[in-house]
Amino acid sequence: MANLKGKLAIVTGASRSKGIGAAICRSLANAGADVFFTHWSPFDEMSGNDEDFPNMLCEELRNIGVNAAHMEVDLSSNESSSLIMDRVVETLGTPGILVNNATFESPASFRTLNREILDMHYKVNNSGTLMLSLEFAKRYEKSFPEGKDGRIINMVSKGPDPNNLAYIATKGMIIAITEPLSVALVPIGITVNSVDPGPTDSGWINDELREQLLPLFPTGRIGVPEDAARLITFLASDDSGWITGQTIKSEGGFLGK
């Protein structure tokens, strides 16, 4: 297991017990990292959040033996990046790991997609994510002038889904910026990678969809949040220091490209 003792990680978008964000928090904590996570209840309510889950997750992480804190924040807000970084420093210290897991997703086909839907996806998935990454990098450079183990890890998605045009498009921008941002930040000791977990059973897959997806997984099972969390924990560790600018598929050989 990766050793993350002495490190502090930010994980955005951890609000459901079965979600990928929560699995990432648990995995990082089990590796020894202190964890600060964010959530946003208006969107969480749309996606079926667990009542009071952020407080329960925070207590769960502390019981593992690490420091943990959380905050509610709207990533579409222009002030979100500074608000998050200020609160992390106030509560736990200066972070060296950022996991951009938070996302906005609302189904939209070519008949239903409009500017308002596209802008909402952009504000969270692109502007909010990128501005937080840049603020994280600027503060990392000041706090760790000799740094070499900073990490930014993005959660991305792709695929021929005609009913999720805005989501796939905005996640595609994050894939596109991963390599150039990695080149920009490697001189200050930060690697930048993206993870594509493929279809993941985080509570949204019903029985009908499960039957459709299962034959597309040669491993014989659908991905679970812990699959993505293990890869992210590795990418957060010192062992991944030579890996940067990559978009890594962690989807069990999923055939539904």
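Summary table below
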| item | result |
| --- | --- |
| Listed residues 145, 217, 190: farthest to the positive end of the dipole of the range 123-229 (Cβ charges) | 145 |
| Under 20 Å between alpha carbons - lysine pairs in the chain that sit 8 or more apart or on different chains | 13 |
| Contact order normalised by residue count of the range 117-246, Cα under 8 Å, 6+ apart, percent | 29 percent |
| Label-to-label distance, nm, for residues given as residue 110 and residue 90 (7 Å Cα→Cβ offset) | 4.9 nm |
| 222 nm mean residue ellipticity, helices alone, for the chain (DSSP H n ≥ 4; -39,500 (n - 2.57); rounded to 500) | -12500 deg cm²/dmol |
| Per-peptide average of other Cβ atoms within 10 Å, ordering 244-253, 166-175, 147-156 highest first | 147-156, 166-175, 244-253 |
| In range of the label at residue 146: residues from the range 75-109 whose backbone nitrogen is under 20 Å from the point 7 Å along Cα→Cβ | 94-97 |
| Mean-position separation - Cα centroids, the range 218-254 and the range 88-135, in angstrom | 21 Å |
| Which labelled figure in (i) 28, 24, 22; (ii) 36, 28, 13; (iii) 27, 20, 19 is semi-axes √(5λ) of the Cα gyration tensor in Å, once derived from the coordinates | (iii) |
| Full-stretch length increase - residue 219, residue 255 - with 0.36 nm per residue and alpha-carbon distance subtracted | 11.9 nm |
| Accessible surface of the chain [probe 1.4 Å, protein heavy atoms]: carbon and sulfur percent | 52 percent |
| Extreme residue, positive dipole direction of the chain, given options 22, 229, 78 (C-beta unit charges) | 229 |
| Segment residue 201-residue 161, extension gain: residue separation times 0.36 nm, minus the distance between their alpha carbons | 12.7 nm |
| For the range 1-138, average projected area of the Cα convex hull in nm² | 8.7 nm² |
| Where the chain is the region considered: accessible area per residue in Å², 1.4 Å probe | 48 Å² |
| Value of relative contact order over the chain, rounded to a whole percent, pairs C-alpha under 8 Å and six or more apart | 20 percent |
| Kyte-Doolittle at least 1.0, axis length at least 27 Å by Cα - qualifying DSSP helices, the chain | 165-185 |
| Test item: Cα-centred dipole of the range 108-257, Lys/Arg +1 and Asp/Glu -1 on Cβ, debye | 360 debye |
| Nearest-0.05 FRET efficiency for residue 18 and residue 209, computed from C-beta distance (R0 22 Å) | 0.90 |
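The values are calculated or read from the model by the stated rules, or taken from the named source; none is laboratory data. Worth saying up front: this structure is predicted, and the values here are computed from it rather than measured. All Cβ positions, even for glycine, are placed from backbone atoms using ideal geometry, and neighbour counts span all protein chains on display. Areas reflect the complete protein model, heavy atoms only, side chains present, ligands, DNA and RNA absent. Shrake-Rupley method; radii C 1.70, N 1.55, O 1.52, S 1.80 Å.
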